[in-house]
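First the structure, in the form of structure tokens, and then the observations on it.
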Amino acid sequence: MSESEGKTKRPAFIPKYGDDPGSPRHMVLRLRESAGMKPEQISEALGGRVSSRTVYRWGQGACVPHNKSDRAALALLYSEKVTE
């Protein structure tokens with residue numbers, strides 16, 4: 001048996017937190033793509049309540065906002081800036 005036959009192949013795409021529309025990841029990605037906002041700008045628009053690094057992590061799906069008020073602020077920003 002060859003070396004590659006014994007290994008299971010990883011899927012090309014591994015779902016992360018919130019790949020569905022309305023998730024924090026989706027909202028951050030759409031803010032970045034549609035509204036042209038950088039993580040720093042999103043952080044500022046959220047009133048500095050989270051760091052730009054945190055916004056980046058939300059966009060990567062590495063974590064999600066645990067604070068209800070952060071989720072609400074992100075949803076409000078999304079509704080103001082992104083036109084579907």
- Select from the stretch 55-65 the residues that are free of Cβ contacts under 8 Å to residues at least 40 places away in the same chain and not aliphatic (A, V, I, L, M) and list them in ascending order. Tyr56, Arg57, Trp58, Gly59
- What are the residues in the stretch 39-48 that are closer than 17 Å to Arg25 by Cβ and either touching a residue at least 40 places away in the same chain (Cβ under 8 Å) or part of a loop (DSSP other than H, G, I, E, B) (or both), if any? Leu46
- Query: Just wondering, is there one or more residues in the stretch 7-24 that are part of a helix (DSSP H, G or I), of a type outside the set (Val, Ile, Thr) and at pLDDT 80 or above?
  - Reply: yes
- Scan the stretch 32-44 for residues that are under 10 Å from Tyr78 (Cβ atoms) and either surrounded by fewer than 20 Cβ atoms within 10 Å (Cβ to Cβ) or modelled with pLDDT under 95 (or both) and jot them down. Ser34, Ala35
- Cβ-Cβ below 9 Å, separation at least six or inter-chain, first residue in the stretch 66-84 and exposed (fewer than 10 other Cβ atoms within 10 Å of the Cβ), second polar (S, T, N, Q): which pairs? Thr83/Ser34; Glu84/Ser34
- Item | Scope the stretch 61-84; condition closer than 15 Å to Ser51 by Cα, over 12 Å from the mean Cα position of the chain (by Cα) and charged (D, E, K, R); matching residues | Asp70
- Query: Is one or more of the residues making up the stretch 49-65 buried (at least 18 other Cβ atoms within 10 Å of the Cβ), in a loop (DSSP other than H, G, I, E, B) and on the phi > 0 side of the Ramachandran plot?
  - Reply: yes
- Query: When residues of the stretch 49-67 are filtered for being modelled with pLDDT of 95 or more and more than 12 Å from Arg25 (Cβ to Cβ), how many remain?
  - Reply: 5
- Query: Do you know which residues across the stretch 68-84 are farther than 11 Å from Pro24 by Cβ and of a type outside the set (A, V, I, L, M, F, W, C)?
  - Reply: Lys68, Ser69, Ser79, Glu80, Lys81, Thr83, Glu84
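The values are calculated or read from the model by the stated rules, or taken from the named source; none is laboratory data. Just so it is clear, the model here is predicted, and its values are computed rather than measured. Cβ atoms come from the backbone with ideal geometry, glycine included; neighbour counts cover every protein chain shown.
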